[in-house]
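The values are calculated or read from the model by the stated rules, or taken from the named source; none is laboratory data. The structure presented is a predicted model; accordingly, all values stated were derived computationally and were not measured. For neighbour counting, all protein chains shown are included, and Cβ atoms are generated from backbone atoms with ideal geometry for every residue, glycine included.
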Amino acid sequence: MTLGELKKRVLELIFSYSVAGSEIPATYNNQADYLAMIPGLVNNGQTDIATSTKRLPSFAYLKDLECEERDHRYYYSLPEDCWMPFTGGLVFSHGKRYERFFAYRFVNRTIELLREATEDLALEYWRYPVMVDSETDDDTELDNTPDVHQCLVYYVAANLLIYDDPYRYTAFLNEYKQRMARLREPVWLEPGPIENVYDIGGREPRAQRQRP
C-alpha cells in the first residue's frame, strides 16, 4: 500500500473523502489538518507494530559500522535503525556455512570486541520501520507487509477522531488491536550440524576453532 492509498482509505473510513460523490478539497473545513496529521500517525502506528507483533529483520556488516578503538577494545556503533539485536549472537562464515560468534558484549548502543572485526562478521537485528513525513510522495510504498498496512488504516483513522468522535475512535481502535493481534511473523529456520560433543572421529572441538 502506498501512502496515498492509505490516506484515501482513512478518509473514507471517517467519512471525509467525498460528499455526494465528489472528492472533498483539502481547503474544506479541517480536511487539510487531517492530511497533515496522517504521516505522523503512520509513523506511530508502524513503530508500534514493528516493535511488537510484526518485527522487521535486518543485518549489517560490522566493517560498515562506525568504530572507535579505546584501551585495545573496539566499539562498533549499532545501526541507526536498530531497535533490538537478535539474541543468537553475531554471525560469520566458516567454510561453506554460517556460525555464531559470542565473544562480544553490548555497551550502551555499541558492540564491544576484543579485536577488530573480520570482513564477514555481521550483526542481525530487528529494525525500526522507514518513516514518512509531510514531504513524502504519495506514491511511496509503506514499509512492512500488506497485513500491517491494513492495521495502520484503523490506527490512523482512530486517532484522527480521538477528540471529535469518541464512539468511532473506540470502534476503530478496537479493530486495530484485533487486527494487530492476528499478525504473524514468518518462521526462520537456521539449519546447522549437531556438534560432535564426544569428539568421535577426531573432529577439532568447537572451542578450539578459529573465531573472528
I194 vs. criteria of a type in the set (V, I, T), surrounded by 12 or more Cβ atoms within 10 Å (Cβ to Cβ), in a loop (DSSP other than H, G, I, E, B) and modelled with pLDDT under 95 | no
Of the residues that make up region 97-112, is at least one within 24 Å of L183 (Cβ to Cβ), touching a Phe, Trp or Tyr at 6+ places or on another chain (Cβ under 6 Å), surrounded by fewer than 16 Cβ atoms within 10 Å (Cβ to Cβ) and not assigned by TED's automatic domain parsing to the domain that holds I162?
-> no
Considering only region 49-123, give the strands (runs of 3 or more DSSP E) lying wholly within it that have at least 1 residues that are at pLDDT 90 or above and more than 21 Å from the chain's Cα centre (by Cα).
-> 67-70, 73-77, 90-94, 97-101, 105-107, 110-113
Could you check D139 against (1) out of contact with any Gly (no Cβ under 6 Å at 6 or more places or on another chain); (2) surrounded by 15 or more Cβ atoms within 10 Å (Cβ to Cβ); (3) not aromatic (F, W, Y) and say which number it fails?
-> (2)
